[in-house]
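These notes concern the structure reproduced below.
The values are calculated or read from the model by the stated rules, or taken from the named source; none is laboratory data. Being a predicted model, the structure only gives us computed values, none of them experimental. Glycine also receives a Cβ, built like all others from the backbone with ideal geometry; neighbour counts cover every protein chain displayed. In case anyone asks, the SASA skips ligands and DNA or RNA and just uses the protein heavy atoms, side chains included. Shrake-Rupley method; radii C 1.70, N 1.55, O 1.52, S 1.80 Å.
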Amino acid sequence: MSTPSAPLPEPAVPYPPVWPRAARRARRPWHPAPAGMLQALAVFVAVRATGVVAVVVTSLLYGRPVTRNLAHAWDSHWYLHIATHGYGHLIWITPTGDVQTDWAFFPLYPALVRAATVVLPLSPGGAGLLVAWCAAVVAACGIYAIGHRLYGRAVATALVALWASLPHSVVLTLAYTEPLFAALAAWCLYAVLGDRWLTAGALAALAGLSRPNGIAAAVAVLAAAGYAVVRCRGRVPAGLWVGAVLAPLGWAGYVLWVGRRTGDLLHGYFRVQSAWSSRLDFGRGALRFLKALFLHGGGVVYPLALVVVAAGVVLFGLLCLERAPLPLVVFAGTLVLMVVAVSGPFASKPRFLLPAFPLLVPVALALVRTWRTRRARALLLGGTLTAVSLAYGTFLAAVARQPL
């Protein structure tokens, strides 16, 4: 009688990109357009198109200019001015005497807006909306691709639907930079999961040129690269090193450029941001905000902003318990950390969390489990969330006076 043979070892891979629970699915072949993407994209477009219609109708009812609410609201004005006139032509002196300059705004979005106005017969506002809307669609595709790769079609569809239905997803239909950052970050993370290091590094560099918190994509790439080096034990592909070097260059390059323009290479950009009340204070500003909120109240926007930020922290803990892929955890964790540890207008903090789509993975998994057992409850929950979010987003964009 022959003795059973020892099991064959699993084939070695250059980089086990995720923790063990999801490793098998993460090694699926690279495929940027998996099955079911068009259906998920149709859901995303339907939800966000409804949001645009709601903002337009509400603006008309309140007698407010539609173009201002969609294309020229708050930060959009600064970005479109940069696209038209370049840097160094717009400043604002606050009541406290701080001098706010356009150097606080990163260059990729205004560069794309300017390019669109050159190629197409569009105004800067129209070009800004076109870039933002196209980027939002690309981001939804990237989010679906990640969800499909790791968890399958149902979870990926739920992930896209949830992202479209967040309270602050109205920003995806405004002339803002979050859609562009989310698109670059999503495909960067997808490239990391597929060991496409050069692609991941290039996309992370572009993400770093899109927003101040764009550095989160580079941090995720660097963390994944470090994990790969440890696991590979010397069998590190050359592309990994190049991608890791590329990843932070966009963010660091712009920060150093602003520092050179201000005469303080290393600290100049951070001084520019300080004039916007944005500085690393390790949560002291958030604590002062909480104290003022509980003592004096804050209408509707500020309490809900607090709820969204608190939910982001809880969801990050659940994402870790779910043993999600390391790059997704690091990316989402960096964005959550920057929201909590960096001061700034609290009403804008939920917007800063919008690109942190991995936080929605635990919710998407729970929603799919509910759908398989109690479809009516899942439909009621999803429909209620969508309706409330669309109403709140419309209120933020067309009615509220607080900055987005």
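Things worth noting here:
- Check on Thr386, among the polar types (S, T, N, Q), closer than 22 Å to Ala224 by Cα and surrounded by 17 or more Cβ atoms within 10 Å (Cβ to Cβ): no
- The set of residues in the range 85-96 being open to solvent by less than 50 Å² (accessible area, probe 1.4 Å) and among the hydrophobic types (A, V, I, L, M, F, W, C) consists of Leu90 alone.
- Unmet criterion (only one of (1) closer than 30 Å to Ala161 by Cβ; (2) open to solvent by less than 30 Å² (accessible area, probe 1.4 Å); (3) not charged (D, E, K, R)) for Ile82: (1)
- Listed by first and then second residue, the pairs linking a residue in the range 153-176 that is under 25 Å from Val300 (Cα atoms) to a residue that is of a type in the set (Lys, Arg) and part of a helix (DSSP H, G or I), with Cβ atoms under 6 Å apart and 6 or more places separating them unless they lie on different chains, are Ala164/Arg48; His168/Arg351; Val171/Arg351; Leu172/Arg48; Thr173/Arg48.
- The single condition from (1) more than 24 Å from Phe282 (Cβ to Cβ); (2) open to solvent by less than 30 Å² (accessible area, probe 1.4 Å); (3) β-branched (Val, Ile, Thr) that Val336 fails is (1).
- If the condition is being free of Cβ contacts under 8 Å to residues at least 24 places away in the same chain and either among the polar types (S, T, N, Q) or within 20 Å of Gly259 (Cβ to Cβ) (or both), then the range 88-108 contributes His89, Leu90, Ile91, Thr96.
- Considering each residue of the range 131-153 in turn, none proves to be open to solvent by 40 Å² or more (accessible area, probe 1.4 Å), farther than 30 Å from Pro358 by Cα and in contact with a helix residue (DSSP H, G or I) (Cβ under 8 Å, 6 or more places away or on another chain).
- For beta carbons closer than 7 Å, sequence separation of 6+ or different chains, a first residue in the range 273-300 that is within 21 Å of His168 (Cβ to Cβ) and a second that is open to solvent by less than 40 Å² (accessible area, probe 1.4 Å) and part of a loop (DSSP other than H, G, I, E, B), the qualifying pairs are Ser277/Ser343; Ser277/Gly344; Ser278/Ser343; Ser278/Gly344; Gly285/Ser343.
- Residue check, Leu354 touching a Leu at 6+ places or on another chain (Cβ under 7 Å), within 30 Å of Leu61 (Cα to Cα) and surrounded by 20 or more Cβ atoms within 10 Å (Cβ to Cβ): yes
- Scanning the range 48-79 for residues that are open to solvent by 50 Å² or more (accessible area, probe 1.4 Å) and at pLDDT below 85 yields Gly63, Arg64, Pro65, Thr67, Arg68, His72, Trp74.
- A Cβ distance below 8 Å, combined with a sequence gap of six or more or placement on separate chains, defines the contacts here; from the range 109-126, residues that are part of a loop (DSSP other than H, G, I, E, B) reach residues that are not hydrophobic (A, V, I, L, M, F, W, C) in the pairs Ser123/Thr117.
- Just one of (1) within 24 Å of Pro179 (Cβ to Cβ); (2) open to solvent by 30 Å² or more (accessible area, probe 1.4 Å) fails for Thr373. It is (1).
- Residue match in the range 330-349 (condition: closer than 23 Å to Leu189 by Cα, assigned to a helix (DSSP H, G or I) and small (Gly, Ala, Ser)): yes
Quick grid of which residues meet (1) aromatic (Phe, Trp, Tyr); (2) more than 20 Å from the chain's Cα centre (by Cα); (3) modelled with pLDDT under 90:
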{"site": "Gly214", "(1), (2), (3)": "no, no, no"}
{"site": "Ala220", "(1), (2), (3)": "no, no, no"}
{"site": "Arg233", "(1), (2), (3)": "no, yes, yes"}
{"site": "Pro237", "(1), (2), (3)": "no, yes, yes"}
{"site": "Val258", "(1), (2), (3)": "no, yes, no"}
{"site": "Arg261", "(1), (2), (3)": "no, yes, no"}
{"site": "Arg284", "(1), (2), (3)": "no, yes, yes"}
